[in-house]
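Asker: Once you've had a glance at the structure underneath, I'll fire off some questions.
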Amino acid sequence: MNLTPEQIAAAQKANLEPLSGLTNQALQSIEKFVELNMHFAKQSLSDSMNSAKKALEAKDIQQLLAHQAEAVLQPMAEKIMAYSRHLYELAHETQNNFTQSAKQEFQAG
């Protein structure tokens, strides 16, 4: 089967739009991932500074240990869980978008 240059050009042109759409979806997902990480980093830095200030205000070791247990360990675990949840949602959304694009291309082709 020999394809003419016009047929090859038409096939390439037909594939360009779906590829562009997938690339845009990937870039949007990356942008959301970067935003999530920046938010988490800023929040972690702020929390660390506040925690350090409170730790310096402790008058004895019991106050320091109580502060660490109350203000550091539990909230950090919750924040890590929230981050993981957001990351999962982002991955799920990206997968759904790619799957929808693939279905549309399959149905169109």
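Every residue, every condition in (1) touching a residue at least 60 places away in the same chain (Cβ under 8 Å); (2) closer than 21 Å to residue 83 by Cβ; (3) of a type in the set (Gly, Ala, Ser), yes or no:
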| position | (1), (2), (3) |
| --- | --- |
| 6 | no, no, no |
| 14 | no, no, yes |
| 17 | no, no, no |
| 23 | no, no, no |
| 31 | no, yes, no |
| 50 | no, yes, no |
| 60 | no, no, no |
| 64 | no, no, no |
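Asker: Please enumerate the residues belonging to region 43-95 that are of a type in the set (D, E, K, R) and open to solvent by 90 Å² or more (accessible area, probe 1.4 Å).
Answerer: Applying the first criterion (of a type in the set (D, E, K, R)) to region 43-95 yields 47, 53-54, 57, 59-60, 70, 78-79, 85, 89, 93.
Selection gives 53, 54, 57, 59, 70, 78, 85, 89.
Asker: Limited to region 4-39, what total is found for residues that are aliphatic (A, V, I, L, M) and in contact with a helix residue (DSSP H, G or I) (Cβ under 8 Å, 6 or more places away or on another chain)?
Answerer: Total satisfying the criteria: 3.
Asker: Next up: Which of the helices (runs of 4 or more DSSP H) contained wholly in the chain include at least 1 residues that are within 29 Å of the chain's Cα centre (by Cα)?
Answerer: By residue number, 5-57, 74-108.
Asker: Go through (1) open to solvent by less than 80 Å² (accessible area, probe 1.4 Å); (2) touching a residue at least 24 places away in the same chain (Cβ under 8 Å) and name the single condition residue 37 misses.
Answerer: Status for residue 37: all satisfied but (2).
The values are calculated or read from the model by the stated rules, or taken from the named source; none is laboratory data. In this text, all values refer to a predicted model and were calculated from it rather than measured experimentally. Note: ideal-geometry Cβ built from the backbone for every residue, glycine included; neighbour counts use all protein chains shown. Heads up: the accessible areas ignore ligands, DNA and RNA and are worked out on the full protein's heavy atoms, side chains in. Shrake-Rupley method; radii C 1.70, N 1.55, O 1.52, S 1.80 Å.
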